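Have a look at the structure below, then the notes.
Here, each number is a calculation from the coordinates, and none is a lab measurement. Here the structure is a predicted model, which is why all the values come from computation and not from measurement. Positions of Cβ are generated from backbone atoms using ideal geometry, with glycine treated the same way; all protein chains shown enter the neighbour counts.
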Amino acid sequence: MYNIPKGTKDVLPGQSYKWQYIERAARSVARTFNLQEIRTPTFEYTELFRRGVGETTDVVGKEMYTFEDKGGRSVTLKPEGTAGAVRLFVENGLSSQPLPMKAFYITPAFRYERPQSGRLREFHQFGIEIFGSAEPEADAEVIFAASSFIKKLKLKNIKLEINSIGCKTCRAAYNRALKEYFEPRLWEMCDTCRTRFDSNPLRILDCKEEGCKKITAGAPNITDYLCPDCGAHFKKVRELLDLEGVEYAVNPRIVRGLDYYTRTVFEFVSSGIGAQGTVCGGGRYDGLVKELGGPDTPAIGFGAGIERLLMLMENTPSVFPKPGAPKIYLASMDDDSRREAFKILCRLRKAGINAEADLMGRSLKSQMKYADKLGAVYVAVIGRDELETQCANVKKMSDGSAEKVYLSELETYLKGRKK
């Protein structure tokens, strides 16, 4: 027997409707915000992620699934959606189209890390990217879209935290302040933080080691070092969120785990999934398009982890609607009635009606039990009498009531009933 690889998960028939519910909610939000779907390859050339995500990140340094193909080229299973979306934008010359370009995707992603609650090696994301606008309104729109998505899923106790990590100008001054703060304490910190001290001290604030977290708690705040432009931008974003009625808290410790972020960053956080509490996060990445070979184009987006959303929703009673069930089950008693049931079944399905019939050669009693397990709304038994009269009793399973219906009129009968 073969087992599933570590860090991956099957989606069973009895679970897939939950995924479909989340995906429908994502597509509904995308339609509301006029976002067009994009699809990028499952793997890309490794250099895309090294340059796009950042050499100093854990994703690039420790977590990517990278291998050589038969042509000796280094390729990587995508660890996140933004870098591929930017490559698509640049390679296809979409900057020459009317901007902003507003896109969304639902995609698998892959990271080699220790599997734990809410974190798998293969996971799935709903993401939004908006290319072309440097205005605070774009930041507010993306955050509002994420908030709308979470509300559409009826999730409770989700807190929005926002921050600004500034631009290259103000971040240089902040990095100097961080180095002055961390240098005398560096001997107390983990090896990763000591490495980051020289390459990217801002990333030290993202460390999850308890000892390091205690030290970073006293570090200077980036919001005290924002240049006038970044400060004004962040102020306007907050004003727009207030205008939209989106509740938030400013958290100066949010830096996000990827190097491409600039200015606005945000996370939707829950305490219901353990230490890995972020269910949706994103921010602005104004320099990434240029970094990957395109024109200087501002951009902003977010990614929401579908598995983490599922975990939260499964702990919330009655969030998911019931899975779809057959409108009618056609039970048969012999070979002739079985043939007639199959004929009617095909006709009903052509009309768009969810209908089922026996495929296993079950007895009538077993067919009725199976129809009940399927949750069929109605059952019609077809036997010798029904073939002669071309009329059958259609039984409503919820209350046992029944009506005689001509077999030729089943389609009209079923379409006229909501339940």
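For region 1-131, the normalised intensity computed at q = 0.11, 0.16, 0.18 Å⁻¹ comes to -0.47, -0.96, -1.14 (log10 of I(q)/I(0), Debye sum over alpha carbons, equal scatterers, no solvent). Residues in region 161-188, backbone N under 13 Å from the label point at residue 224 (7 Å along the Cα-to-beta-carbon vector): list them, ranges by number please. Flagged as within label range: 174-175, 177-182.
Cross-link partners for residue 322 among the aspartates and glutamates, with Cα-Cα distance under 16 Å and sequence neighbours closer than 8 places in the same chain left out: 23, 314, 372.
All Cα-Cα distances of region 195-251, cut into 10 Å bins from zero to the largest, leave 18, 37, 31, 14, 0 percent in each bin in turn.
Between residue 372 and residue 159, the modelled label-to-label distance comes to 4.9 nm, taking each label 7 Å out from Cα in the direction of the beta carbon.
Of the Cα atoms belonging to the chain, the radius of gyration and Dmax stand at 27.6, 94 Å.
Would you calculate a helix-derived [θ] at 222 nm for the chain, using -39,500 (n - 2.57) for each DSSP H run of n ≥ 4 and dividing by the full residue count, to the nearest 500?
Details: 14 runs with 151 residues, N = 419.
Taken over the chain, the calculation gives -11000 deg cm²/dmol.
Does anyone have the angle between helix 16-32 and the longest principal axis of the chain? Alpha-carbon axes, 0 to 90°, nearest 10? Tilt relative to the chain: about 60 degrees.
Which trypsin sites (Lys or Arg not before Pro) does region 127-187 hold that lie in a coil by DSSP with at most 16 other beta carbons within 10 Å?
Details: sites: 151, 152, 154, 156, 159, 168, 171, 176, 179, 185; in loops: 154, 156.
Those that pass, being in a loop and sparsely packed, are 154, 156.
I want to verify a result. In a Gaussian network model of the chain, Cα cutoff 10 Å, which of these has the top mean-square fluctuation: 391, 212, 167? Looking only at 391, 212, 167, the largest GNM fluctuation is found for 391.
Rounded to the nearest whole Hz, the Karplus-based 3J(HN,Hα) values (6.51 cos²θ - 1.76 cosθ + 1.60, θ = phi - 60°) of region 37-45 follow the sequence 6, 10, 9, 10, x, 5, 10, 9, 5, with x at glycine and proline. Close amide-amide hydrogen proximity is noted between residue 262 and 284, 285, 286, each under 5 Å apart and 5 or more residues distant or on a separate chain (H modeled in the peptide plane; Pro and chain starts excluded). Database note for the chain: Cys without another Cys beta carbon under 4.7 angstrom, 167, 190, 193, 230, 280, 346, 391. Comparing mean-square fluctuations of 48, 330, 205 from a GNM of the chain with C-alpha springs under 10 Å, the top value falls on 330.
Relative to the longest principal axis of the Cα atoms of the chain, the long axis of helix 228-244 lies at roughly 30 degrees. FRET efficiency for the residue 190 to residue 69 pair, using the beta carbon distance and R₀ = 35 Å, is estimated at 0.50.
Are any of the pairs 6/102; 154/208; 350/404; 18/214; 6/365 more than 32 Å apart by Cα-Cα distance, and if so, which? Provide the component values of the computation, followed by the final result.
Details: 6/102 35 Å; 154/208 29 Å; 350/404 23 Å; 18/214 39 Å; 6/365 43 Å.
Violating the 32 Å Cα-Cα cut-off are 6/102; 18/214; 6/365.
Sequence-ordered 3J(HN,Hα) estimates for region 263-269 from the Karplus curve with 6.51, -1.76 and 1.60 and θ = phi - 60° stand at 6, 5, 10, 7, 9, 9, 10 Hz, glycine and proline given as x. Split the chain at each of the GluC sites (Glu not before Pro) in a DSSP loop with at most 12 other beta carbon atoms within 10 Å, and the longest piece is 56-246.
Please sort by residue number the chymotrypsin sites (Phe, Trp or Tyr not before Pro) in region 1-103 whose DSSP state is loop and whose Cβ has at most 11 other Cβ atoms within 10 Å.
Details: sites: 2, 17, 19, 21, 33, 43, 45, 49, 65, 67, 89; in loops: 2, 33.
Qualifying residues, ordered by number: 2.
Against the chain, whose longest principal axis is taken from its Cα atoms, helix 136-152 shows a tilt of about 40°. Note on 353, 4, 300, 158: ascending count of other Cβ atoms within 10 Å places them as 4, 353, 158, 300, the fewest first.
Gain in length, residue 385 to residue 404, computed as 0.36 nm per residue apart minus the alpha-carbon separation, to one decimal in nm? Write down the numbers at each step before the final one.
On the way: separation 19, 0.36 × 19 = 6.84 nm, distance 1.26 nm.
Stretched out fully, the residue 385 to residue 404 stretch lengthens by 5.6 nm.
Working from Cα pairs under 8 Å separated by at least six residues, relative contact order for region 152-215 is 25 percent.
Spin-label model, residue 47/residue 15: points 7 Å from Cα along the beta carbon direction are separated by 3.9 nm. Taking 0.36 nm per residue of separation and subtracting the current Cα-Cα distance, fully stretching the chain between residue 4 and residue 112 would add 37.4 nm.
Each part reduced to its alpha carbon centroid, region 121-168 and region 314-388 end up 44 Å apart.
Calculated translational diffusion coefficient of region 328-415 (10 °C, 1.306 mPa s; Stokes-Einstein with Kirkwood radius over alpha-carbon pairs) equals 125 µm²/s.
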